[in-house]
Amino acid sequence: MKFSKNRLKNIMVIGTGGTIAGTGEAGKTLSYQSGQIEVNDLISEIPDLKSIANVTSNELLSIDSCDITGRDWIHIANYINEISAGDEIDGFVITHGTDTLEETAFFLNLTIKTSKPVVITGSMRPSTAMSPDGPFNIFQAVALASSEEAVGKGVLIAFSDVIYGARDIQKISTFRVSAFSQRDLGCLGYIRDDRIYFYSSSTKKHTFNSEFDISKISELPDVSIAPFYAAADFHILDYLREKSKGIILSGAGCGGCSTVWDKKIQEFMMSGFPIVRSSRIANGLVTSEYISQKGIFSNTLSPQKSRILLSLALTQTDSIDKIRSIFEIY
(Lines give C-alpha, C1' and ligand atoms only; values in the text may rest on other atoms or scores of the structure.)
Protein backbone atom coordinates (compact mmCIF):
# COMPACT_ATOMS: atom_id res chain seq x y z
CA MET A 1 0.00 0.00 0.00
CA LYS A 2 1.05 3.61 -0.52
CA PHE A 3 -0.23 6.50 1.56
CA SER A 4 -1.34 9.70 -0.08
CA LYS A 5 0.71 12.65 1.10
CA ASN A 6 -2.22 15.02 0.61
CA ARG A 7 -4.40 13.94 3.52
CA LEU A 8 -4.27 12.96 7.14
CA LYS A 9 -4.18 9.21 7.66
CA ASN A 10 -7.12 7.35 9.17
CA ILE A 11 -5.85 5.60 12.29
CA MET A 12 -7.89 3.24 14.47
CA VAL A 13 -6.93 3.03 18.14
CA ILE A 14 -7.86 -0.35 19.64
CA GLY A 15 -8.19 -0.50 23.41
CA THR A 16 -7.38 -3.62 25.41
CA GLY A 17 -7.05 -2.18 28.93
CA GLY A 18 -3.83 -2.16 30.95
CA THR A 19 -2.14 0.47 33.10
CA ILE A 20 -2.61 3.07 30.39
CA ALA A 21 -6.35 2.83 31.08
CA GLY A 22 -5.90 2.42 34.83
CA THR A 23 -7.10 4.61 37.69
CA GLY A 24 -6.08 4.90 41.33
CA GLU A 25 -5.33 7.39 44.04
CA ALA A 26 -4.73 10.84 42.54
CA GLY A 27 -1.03 11.52 42.02
CA LYS A 28 0.14 8.00 42.90
CA THR A 29 1.73 5.40 40.61
CA LEU A 30 0.88 2.34 42.75
CA SER A 31 -2.31 0.63 43.94
CA TYR A 32 -4.33 1.31 40.81
CA GLN A 33 -6.79 -0.82 38.85
CA SER A 34 -6.08 -1.53 35.19
CA GLY A 35 -8.52 -1.11 32.33
CA GLN A 36 -10.91 1.40 33.90
CA ILE A 37 -10.99 4.10 31.22
CA GLU A 38 -12.41 3.53 27.75
CA VAL A 39 -10.02 4.10 24.88
CA ASN A 40 -12.22 6.84 23.39
CA ASP A 41 -11.90 8.81 26.62
CA LEU A 42 -8.13 8.31 26.58
CA ILE A 43 -7.65 9.73 23.11
CA SER A 44 -10.17 12.57 23.57
CA GLU A 45 -7.92 14.12 26.23
CA ILE A 46 -4.75 14.23 24.10
CA PRO A 47 -3.95 17.71 22.76
CA ASP A 48 -3.13 18.07 19.05
CA LEU A 49 -3.93 14.43 18.19
CA LYS A 50 -6.35 15.63 15.53
CA SER A 51 -3.54 17.54 13.85
CA ILE A 52 -1.61 14.38 12.94
CA ALA A 53 -4.37 11.89 12.02
CA ASN A 54 -8.08 11.22 11.75
CA VAL A 55 -8.51 8.98 14.78
CA THR A 56 -11.31 6.52 15.49
CA SER A 57 -11.39 3.97 18.30
CA ASN A 58 -12.79 0.62 19.34
CA GLU A 59 -12.60 -1.13 22.71
CA LEU A 60 -11.91 -4.85 22.13
CA LEU A 61 -10.87 -5.71 25.70
CA SER A 62 -10.65 -3.98 29.06
CA ILE A 63 -8.35 -6.13 31.18
CA ASP A 64 -5.05 -6.33 32.99
CA SER A 65 -2.59 -7.68 30.41
CA CYS A 66 -1.69 -10.57 32.74
CA ASP A 67 -5.22 -11.87 32.07
CA ILE A 68 -4.88 -11.94 28.27
CA THR A 69 -5.32 -15.35 26.64
CA GLY A 70 -4.61 -17.04 23.33
CA ARG A 71 -8.28 -16.59 22.46
CA ASP A 72 -7.88 -12.84 22.99
CA TRP A 73 -4.83 -12.77 20.70
CA ILE A 74 -6.74 -14.58 17.98
CA HIS A 75 -9.67 -12.17 18.37
CA ILE A 76 -7.42 -9.10 18.03
CA ALA A 77 -5.54 -10.53 15.03
CA ASN A 78 -8.71 -11.53 13.19
CA TYR A 79 -10.23 -8.12 13.85
CA ILE A 80 -7.21 -6.30 12.42
CA ASN A 81 -7.12 -8.65 9.43
CA GLU A 82 -10.78 -7.96 8.73
CA ILE A 83 -10.57 -4.17 9.03
CA SER A 84 -7.22 -3.84 7.23
CA ALA A 85 -8.63 -5.61 4.17
CA GLY A 86 -10.68 -2.48 3.43
CA ASP A 87 -9.54 0.99 2.43
CA GLU A 88 -11.07 2.96 5.31
CA ILE A 89 -8.23 2.53 7.83
CA ASP A 90 -4.57 3.30 7.05
CA GLY A 91 -3.04 2.06 10.29
CA PHE A 92 -3.70 0.78 13.79
CA VAL A 93 -2.63 1.62 17.34
CA ILE A 94 -3.26 -0.85 20.16
CA THR A 95 -3.21 0.32 23.78
CA HIS A 96 -2.04 -2.54 25.99
CA GLY A 97 -0.72 -3.39 29.43
CA THR A 98 3.07 -3.56 29.56
CA ASP A 99 3.41 -6.87 31.43
CA THR A 100 2.61 -9.03 28.39
CA LEU A 101 2.87 -6.38 25.66
CA GLU A 102 5.88 -8.11 24.10
CA GLU A 103 3.98 -11.40 23.83
CA THR A 104 0.90 -9.88 22.18
CA ALA A 105 3.16 -7.93 19.82
CA PHE A 106 5.02 -11.07 18.72
CA PHE A 107 1.83 -13.06 18.21
CA LEU A 108 0.36 -10.31 16.03
CA ASN A 109 3.66 -9.99 14.17
CA LEU A 110 3.25 -13.63 13.13
CA THR A 111 -0.48 -13.64 12.35
CA ILE A 112 -1.75 -10.35 10.93
CA LYS A 113 -1.85 -10.21 7.14
CA THR A 114 -1.34 -6.58 6.26
CA SER A 115 1.50 -4.22 5.43
CA LYS A 116 -0.41 -1.37 7.09
CA PRO A 117 1.30 -0.11 10.25
CA VAL A 118 0.25 -1.78 13.49
CA VAL A 119 1.72 -0.04 16.53
CA ILE A 120 1.35 -1.09 20.15
CA THR A 121 1.83 1.22 23.11
CA GLY A 122 1.07 1.41 26.80
CA SER A 123 2.25 3.16 29.92
CA MET A 124 4.05 2.51 33.17
CA ARG A 125 1.91 4.98 35.10
CA PRO A 126 -1.89 5.02 35.41
CA SER A 127 -3.91 7.89 34.01
CA THR A 128 -4.42 9.31 37.52
CA ALA A 129 -0.68 9.55 38.31
CA MET A 130 0.98 12.92 38.82
CA SER A 131 2.75 12.62 35.46
CA PRO A 132 1.13 9.87 33.35
CA ASP A 133 3.15 8.68 30.38
CA GLY A 134 0.19 7.22 28.49
CA PRO A 135 -1.07 10.29 26.59
CA PHE A 136 2.31 11.09 25.02
CA ASN A 137 2.90 7.42 24.16
CA ILE A 138 -0.46 7.31 22.38
CA PHE A 139 0.35 10.54 20.53
CA GLN A 140 3.66 9.12 19.30
CA ALA A 141 2.09 5.75 18.45
CA VAL A 142 -0.48 7.51 16.25
CA ALA A 143 2.32 9.51 14.61
CA LEU A 144 4.21 6.28 13.91
CA ALA A 145 1.12 4.50 12.56
CA SER A 146 0.61 7.50 10.23
CA SER A 147 4.12 7.31 8.82
CA GLU A 148 4.81 5.90 5.38
CA GLU A 149 8.13 4.66 6.75
CA ALA A 150 6.26 2.28 9.06
CA VAL A 151 4.54 0.48 6.17
CA GLY A 152 5.65 -3.14 5.80
CA LYS A 153 7.93 -3.17 8.84
CA GLY A 154 5.82 -5.57 10.88
CA VAL A 155 4.25 -4.89 14.25
CA LEU A 156 5.99 -1.97 15.97
CA ILE A 157 6.02 -0.63 19.51
CA ALA A 158 6.15 3.08 20.31
CA PHE A 159 7.24 3.69 23.89
CA SER A 160 8.98 6.60 25.56
CA ASP A 161 10.35 8.17 22.33
CA VAL A 162 11.67 4.86 20.97
CA ILE A 163 10.57 2.53 18.13
CA TYR A 164 10.91 -1.20 18.81
CA GLY A 165 10.21 -4.30 16.73
CA ALA A 166 7.80 -6.95 17.99
CA ARG A 167 10.20 -9.87 17.62
CA ASP A 168 12.95 -8.55 19.85
CA ILE A 169 11.36 -6.18 22.35
CA GLN A 170 11.52 -7.14 26.03
CA LYS A 171 10.35 -5.42 29.20
CA ILE A 172 13.41 -4.65 31.33
CA SER A 173 12.07 -2.58 34.23
CA THR A 174 9.24 -3.07 36.70
CA PHE A 175 8.63 0.65 37.21
CA ARG A 176 10.74 2.99 35.08
CA VAL A 177 9.05 4.90 32.27
CA SER A 178 11.70 3.68 29.81
CA ALA A 179 10.66 0.12 30.48
CA PHE A 180 11.57 -1.66 27.22
CA SER A 181 14.62 -2.66 25.21
CA GLN A 182 15.65 -4.81 22.25
CA ARG A 183 18.59 -6.05 24.32
CA ASP A 184 21.74 -6.65 22.24
CA LEU A 185 19.88 -5.70 19.06
CA GLY A 186 19.21 -2.09 20.02
CA CYS A 187 16.09 -0.40 18.68
CA LEU A 188 14.64 0.36 15.25
CA GLY A 189 14.58 4.13 15.67
CA TYR A 190 13.32 7.13 17.57
CA ILE A 191 10.37 9.50 17.77
CA ARG A 192 10.78 13.15 18.66
CA ASP A 193 7.37 14.73 19.17
CA ASP A 194 5.66 13.46 15.97
CA ARG A 195 8.81 13.09 13.84
CA ILE A 196 9.77 9.52 12.92
CA TYR A 197 13.39 8.37 12.56
CA PHE A 198 14.03 4.79 11.41
CA TYR A 199 17.57 3.39 11.42
CA SER A 200 17.02 -0.38 11.11
CA SER A 201 14.37 -3.06 10.58
CA SER A 202 13.86 -6.75 11.29
CA THR A 203 15.27 -9.28 8.84
CA LYS A 204 12.90 -12.07 9.97
CA LYS A 205 9.64 -13.01 8.23
CA HIS A 206 6.52 -11.40 9.62
CA THR A 207 2.92 -10.27 9.02
CA PHE A 208 1.92 -10.57 5.33
CA ASN A 209 4.88 -12.89 4.66
CA SER A 210 4.08 -15.23 7.54
CA GLU A 211 2.74 -18.73 6.90
CA PHE A 212 0.51 -18.84 9.98
CA ASP A 213 -3.26 -18.69 9.48
CA ILE A 214 -5.42 -18.33 12.59
CA SER A 215 -8.65 -17.44 10.77
CA LYS A 216 -10.19 -20.86 11.36
CA ILE A 217 -9.02 -21.62 14.90
CA SER A 218 -10.39 -20.41 18.23
CA GLU A 219 -7.56 -21.44 20.53
CA LEU A 220 -3.87 -22.32 20.42
CA PRO A 221 -2.23 -25.66 21.23
CA ASP A 222 -1.00 -25.74 24.83
CA VAL A 223 2.73 -25.14 25.20
CA SER A 224 4.39 -24.90 28.62
CA ILE A 225 7.63 -23.35 29.85
CA ALA A 226 9.90 -25.45 32.07
CA PRO A 227 12.28 -23.29 34.15
CA PHE A 228 15.65 -24.88 34.84
CA TYR A 229 17.71 -23.88 37.87
CA ALA A 230 20.37 -25.57 39.98
CA ALA A 231 19.06 -28.84 41.46
CA ALA A 232 15.73 -28.50 39.59
CA ASP A 233 13.49 -31.59 39.77
CA PHE A 234 13.30 -33.18 36.30
CA HIS A 235 9.85 -34.63 37.08
CA ILE A 236 8.34 -31.30 36.08
CA LEU A 237 9.06 -32.35 32.51
CA ASP A 238 6.89 -35.46 32.91
CA TYR A 239 4.10 -33.35 34.37
CA LEU A 240 4.25 -30.75 31.59
CA ARG A 241 4.30 -33.42 28.89
CA GLU A 242 1.00 -34.77 30.21
CA LYS A 243 -0.72 -31.39 29.91
CA SER A 244 1.02 -29.86 26.89
CA LYS A 245 1.64 -30.34 23.19
CA GLY A 246 5.18 -29.01 23.55
CA ILE A 247 7.62 -27.58 26.08
CA ILE A 248 9.98 -24.61 26.08
CA LEU A 249 13.09 -25.14 28.20
CA SER A 250 14.04 -21.89 29.94
CA GLY A 251 17.58 -23.08 30.39
CA ALA A 252 20.73 -21.77 31.98
CA GLY A 253 23.39 -20.07 29.90
CA CYS A 254 23.03 -21.10 26.24
CA GLY A 255 19.93 -23.20 26.91
CA GLY A 256 21.76 -25.66 29.12
CA CYS A 257 20.48 -27.90 31.90
CA SER A 258 21.65 -30.81 34.06
CA THR A 259 22.55 -34.27 32.79
CA VAL A 260 19.30 -35.82 34.05
CA TRP A 261 17.26 -33.07 32.37
CA ASP A 262 19.21 -33.56 29.13
CA LYS A 263 18.47 -37.29 29.19
CA LYS A 264 14.76 -36.73 29.72
CA ILE A 265 14.60 -34.09 26.98
CA GLN A 266 16.27 -36.44 24.50
CA GLU A 267 13.80 -39.21 25.37
CA PHE A 268 10.90 -36.88 24.65
CA MET A 269 12.40 -35.61 21.42
CA MET A 270 13.10 -39.13 20.16
CA SER A 271 9.42 -39.94 20.67
CA GLY A 272 8.40 -36.94 18.55
CA PHE A 273 7.46 -34.60 21.41
CA PRO A 274 8.83 -31.09 20.69
CA ILE A 275 11.03 -29.35 23.24
CA VAL A 276 12.61 -26.03 22.32
CA ARG A 277 15.78 -24.94 24.08
CA SER A 278 15.69 -21.31 25.13
CA SER A 279 17.47 -19.37 27.85
CA ARG A 280 16.62 -17.39 30.94
CA ILE A 281 19.48 -15.04 29.96
CA ALA A 282 18.38 -11.81 28.25
CA ASN A 283 21.17 -11.56 25.67
CA GLY A 284 22.99 -13.90 23.34
CA LEU A 285 22.20 -16.95 21.21
CA VAL A 286 20.82 -20.42 21.80
CA THR A 287 21.85 -22.47 18.77
CA SER A 288 23.05 -25.95 17.88
CA GLU A 289 26.65 -24.81 18.01
CA TYR A 290 26.38 -24.49 21.78
CA ILE A 291 24.55 -27.75 22.53
CA SER A 292 26.02 -31.10 21.51
CA GLN A 293 22.60 -32.80 21.33
CA LYS A 294 20.27 -32.41 18.36
CA GLY A 295 17.19 -30.34 19.08
CA ILE A 296 15.11 -27.25 18.38
CA PHE A 297 16.74 -23.96 19.34
CA SER A 298 15.23 -20.54 20.07
CA ASN A 299 18.10 -18.49 18.61
CA THR A 300 17.44 -15.05 20.20
CA LEU A 301 13.80 -15.57 21.20
CA SER A 302 12.90 -15.42 24.88
CA PRO A 303 11.13 -18.41 26.47
CA GLN A 304 7.83 -16.52 26.32
CA LYS A 305 8.15 -15.76 22.62
CA SER A 306 9.44 -19.26 21.89
CA ARG A 307 6.23 -20.54 23.45
CA ILE A 308 4.15 -18.44 21.05
CA LEU A 309 6.11 -19.56 18.00
CA LEU A 310 5.90 -23.23 18.98
CA SER A 311 2.14 -22.90 19.55
CA LEU A 312 1.69 -21.47 16.07
CA ALA A 313 4.05 -24.03 14.55
CA LEU A 314 1.93 -26.81 16.04
CA THR A 315 -1.11 -25.47 14.17
CA GLN A 316 0.84 -26.29 10.98
CA THR A 317 2.84 -29.43 11.72
CA ASP A 318 3.99 -31.94 14.33
CA SER A 319 7.25 -32.69 12.50
CA ILE A 320 10.32 -31.96 14.62
CA ASP A 321 12.33 -31.11 11.49
CA LYS A 322 9.69 -28.68 10.24
CA ILE A 323 9.39 -27.02 13.64
CA ARG A 324 13.19 -26.66 13.74
CA SER A 325 13.04 -24.95 10.35
CA ILE A 326 10.29 -22.58 11.55
CA PHE A 327 12.46 -21.45 14.46
CA GLU A 328 15.30 -20.74 12.03
CA ILE A 329 13.02 -18.64 9.81
CA TYR A 330 11.15 -16.61 12.43
What's the center-to-center distance, using Cα atoms, between the stretch 80-133 and the stretch 186-204 in Å?
16 Å
Among the lysines, select those whose C-alpha is under 27 Å from the C-alpha of Lys50, and discard any that sit fewer than 8 residues away in the same chain.
Lys2, Lys5, Lys9, Lys116, Lys153
Please report the base-10 log of the normalised intensity I(q)/I(0) for the stretch 1-73, using a Debye sum with one equal scatterer per alpha carbon and no solvent, at each q in 0.16, 0.21 (1/Å).
-0.69, -0.95
Rounded to a whole number of µm²/s, how large is the Stokes-Einstein D of the stretch 1-147 at 10 °C and 1.306 mPa s, given Rh as the Kirkwood radius over C-alpha pairs?
104 µm²/s
What list of ³J(HN,Hα) values in whole Hz, one per residue of the stretch 154-166 in order, does the Karplus curve 6.51 cos²θ - 1.76 cosθ + 1.60 (θ = phi - 60°) give from phi, with Gly and Pro shown as x?
x, 6, 10, 10, 10, 8, 6, 6, 10, 9, 10, x, 5
Give me the number: length gained by fully extending Phe175 to Asp222, i.e. 0.36 nm times residue separation minus the C-alpha to C-alpha distance, one decimal in nm.
13.8 nm
In sequence order, calculated HN-Hα J values of the stretch 223-229 (Karplus, 6.51, -1.76, 1.60; Hz; x Gly/Pro):
10, 10, 10, 9, x, 9, 8
Rounded to the angstrom and largest first, Cα extents along the principal axes for the stretch 183-250 equal 53, 39, 22
Rounded to the nearest 10 degrees, the helix 134-145 long axis (Cα) sits at an angle to the longest Cα principal axis of the chain of 80 degrees
In whole percent, the Cα-Cα distances of the stretch 218-311 spread across 5 Å bins from 0 upward as 3, 16, 27, 28, 19, 6, 2, 0
Dipole of the stretch 1-123, Cα-centred, from +1 at each Lys and Arg C-beta and -1 at each Asp and Glu C-beta, to the nearest 20 debye?
620 debye
Debye-sum result for the chain in log10 I(q)/I(0), which assumes one identical scatterer on each alpha carbon, at q = 0.10, 0.15, 0.16 Å⁻¹:
-0.58, -1.19, -1.31
Listed residue pairs exceeding 27 Å between alpha carbons, taken from Lys216/Lys305; Lys113/Lys305; Lys216/Lys245; Lys171/Lys294:
Lys171/Lys294
Quick one: helix 320-329 against the long Cα principal axis of the chain, what's the angle to the nearest 10°, folded into 0 to 90?
40 degrees
Cα-derived Rg over Rh, computed across the stretch 67-191 with Rh taken as Kirkwood radius:
0.94
How long are the three semi-axes of the equivalent ellipsoid for the stretch 166-207, computed from the Cα gyration tensor as the root of 5 times each eigenvalue, in whole Å, largest first?
19, 17, 9
Any chance you could get the radius of gyration and Dmax over the Cα atoms of the stretch 150-263, in Å?
18.8, 54
Whole-Hz Karplus ³J(HN,Hα) for the stretch 106-115, in order, using 6.51 cos²θ - 1.76 cosθ + 1.60 and θ = phi - 60°, x for Gly and Pro?
5, 4, 5, 4, 9, 10, 7, 10, 9, 8
The set of residues whose placed amide H lies less than 5 Å from the amide H of Val118, leaving out same-chain residues fewer than 5 positions away, is Phe92, Leu156
Going by amide H atoms built from the backbone, whose H comes under 5 Å of the H on Lys9, apart from near neighbours?
Asn54
Which percentage, to the nearest 5, of the DSSP beta bridges contained in the stretch 174-330 is antiparallel?
35 percent
Accessible-area composition of the stretch 142-234, carbon plus sulfur, in percent [1.4 Å probe]
48 percent
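Rank-order 190-201, 72-83, 151-162 by packing density, defined as the average count of other C-beta atoms within 10 Å over each peptide's residues, highest first.
Per-residue Cβ counts within 10 Å, averaged per peptide and sorted highest first, yield 151-162, 72-83, 190-201.
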By how many degrees, between 0 and 90 and to the nearest 10, does the Cα long axis of helix 303-314 differ from the longest principal axis of the chain?
80 degrees
Using modelled backbone amide H atoms (1.01 Å from N, in-plane), which distant-in-sequence or interchain residues come within less than 5 Å of Glu59's amide H?
Gly15
Tell me, what is the per residue accessible area of the stretch 1-144 in Å², probe radius 1.4 Å?
41 Å²
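The values are calculated or read from the model by the stated rules, or taken from the named source; none is laboratory data. It should be emphasised that the depicted structure is a prediction, and the values quoted were computed from it without experimental measurement. Cβ sites come from the backbone with ideal geometry, for glycine too, and all protein chains shown count toward neighbours. Side chains are part of the model used for accessible areas, which takes the heavy atoms of the whole protein and leaves out ligands, DNA and RNA. Shrake-Rupley method; radii C 1.70, N 1.55, O 1.52, S 1.80 Å.
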